[in-house]
Amino acid sequence: MTAGTTGGATAKGPTRALVLHPDLKSARRRRPADLALAEAVALAAALPDLEVTGAEVVRLARPHPGMLFGAGKIAELKARIEAEEVALVLVDGPVSPVQQRNLEREWKVKLLDRTGLILEIFADRAHTREGVLQVDLAALSYQRTRLVRAWTHLERQRGGFGFVGGPGETQIEADRRAIDEEVLKIRRQLAKVVKTRELHRAARRKVPFPIVALVGYTNAGKSTLFNRMTGAEVLAKDMLFATLDPTMRGVTLPSGRKVILSDTVGFISDLPTELVAAFRATLEEVLEADLILHVRDIAHPETEEQAADVRDILESLGVAEEVPVFEVWNKIDLLGAEARDALLVQEGRSPGIHSVSAITGEGLAALLDAVSGALDERRIVETLTLGFGEGRARAWLHAQGVVKAERDTDEGHEMTVALTERQQAALARLRQG
């Protein structure tokens, strides 16, 4: 978003924001409230033209249907909002349209829930055509359930979605029609972009270079590691969601093997379902990877919980079990000597775990050697005979770029191929189907 357009941001300065984390006793998955609040503040800091003036954990036995918070807490927060001249309240959790409208009227400020905030950040970070369209589609899905904001921002000339600002309410039916028309328009545009991406992928399959995908929780250091491994200059900041668009680069490993390295959008706990669906295409490189590097911020107090969130999302995306995964424990430079020693002992006992510092380069050589070894070990050369009626399987093998030699026999096409275990399983399914 451009300067001066976020909510109450003016030429005088940024929008003043208050971050609230509702700590519900009935929450299914308990995270320490202070750490959840810290992540919410980091999310807010990722939005430009925003100044977080305060943050607070609000403990709730249960959410109040119409106002989320109790009357006493609402009055207390109203006094704080007025005293600190807050223009935007960020609630780290779901807020219903009715709750949002009532709280905005009571506090006389704009309000964003967690989904709305993440969408605003995504809108500001997405740069490729597909990334922008995917974010737009996610925003439409989210906003259609609300219809409490004007949709004049559909013709916007700036980043962001207008969730923070906006000229006020309009007729609901007109809003609904505007949303539906925009959804159809974006889906048509996205279909063209996805088709172009498929052509690019098909071209890449003809080059026998394995794909190595970096995944991980947002701010785990993926982009910094990507830059260190490739010499690229991808945006790498100590900021949540610094990378939203997939970036791919060719890398020559120390063994001489060439691979394609893919940097992907960071995952986060409670990622809105609209975004998981909308970014599936953005994460297609992960689905096609020969090796996944799960980058973890091993110095973070919630590193285990973050890792579990990443695994859950990979599973929801349908990442095949046969794709090998290395855990890359990043940011060891932030650990004390005792913690580092314990980490190295654990690494030595667990194959598939590699401790590194993307900042200093420590451990990177060993990681690259392991990547090369894993790709070499898992590519098996064999000779197959495909019947003349198995044209789809034959075309698939050629598209994968794994055919080393081929000749026709009386029985069919005799092909010498070099396949990874994942490709072997995929070919078996193709021949059975």
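Each reported figure results from applying straightforward, stated rules to the coordinates on display, with no laboratory input. Computed from a prediction, not measured in an experiment: that's the story for all the values here. In this analysis, Cβ positions are derived from the backbone assuming ideal geometry, glycine residues included, and neighbour counts consider all displayed protein chains.
Structure notes:
- Label-point gap, in nm, between Thr252 and Met67 - each point 7 angstrom along Cα→Cβ: 6.8
- Shape call, segment 379-432: gyration tensor on alpha carbons, a/c limit 1.5: oblate
- Using the Cβ-Cβ distance between Glu76 and Thr145 with R0 set to 35 Å, the FRET efficiency works out to roughly 0.75.
- Per-pair calculated FRET efficiency, R0 = 56 Å: Asp410 and Ile172 via Cβ, rounded to 0.05: 0.20
- Contour excess over end-to-end distance, with Cα ends at Lys108 and Lys25 and 0.36 nm allotted per residue: 27.0 nm
- Between Thr360 and Ala418, the contour length at 0.36 nm per residue exceeds the Cα-Cα span by 17.3 nm.
- Each of Arg392, Arg146 was scored by other Cβ atoms within 10 Å of its Cβ. Arranged with the fewest first, they read Arg392, Arg146.
- For the peptides 72-85, 131-144, the ranking by packing is 131-144, 72-85, with the highest mean count of neighbouring Cβ atoms within 10 Å listed first.
- Segment 18-122 shape via C-alpha gyration tensor axes, a/c threshold 1.5: rounded
- Residue-span extension gain [Val98 to Arg311] - 0.36 nm each, minus C-alpha spacing: 73.3 nm
- If you take all other residues with their beta carbon under 9 Å from the beta carbon of Leu20, and give Lys and Arg +1 and Asp and Glu -1, the sum is -2.
- For segment 14-75, the square roots a ≥ b ≥ c of the C-alpha gyration tensor eigenvalues yield an a/c of 1.5 or more together with a/b not exceeding b/c, which makes the shape oblate.
- Across the cross-link table entries Lys258/Lys404; Lys73/Lys108; Lys25/Lys331, which are compared at the Cα atoms, the separations over 26 Å belong to Lys25/Lys331.
- Ordered by the number of other Cβ atoms lying within 10 Å of each residue's own Cβ, fewest first, Phe267, Phe226, Phe209 fall into the sequence Phe209, Phe267, Phe226.
- Formal net charge of residues neighbouring Val91 (Cβ-Cβ distance under 9 Å; K, R +1; D, E -1): -1
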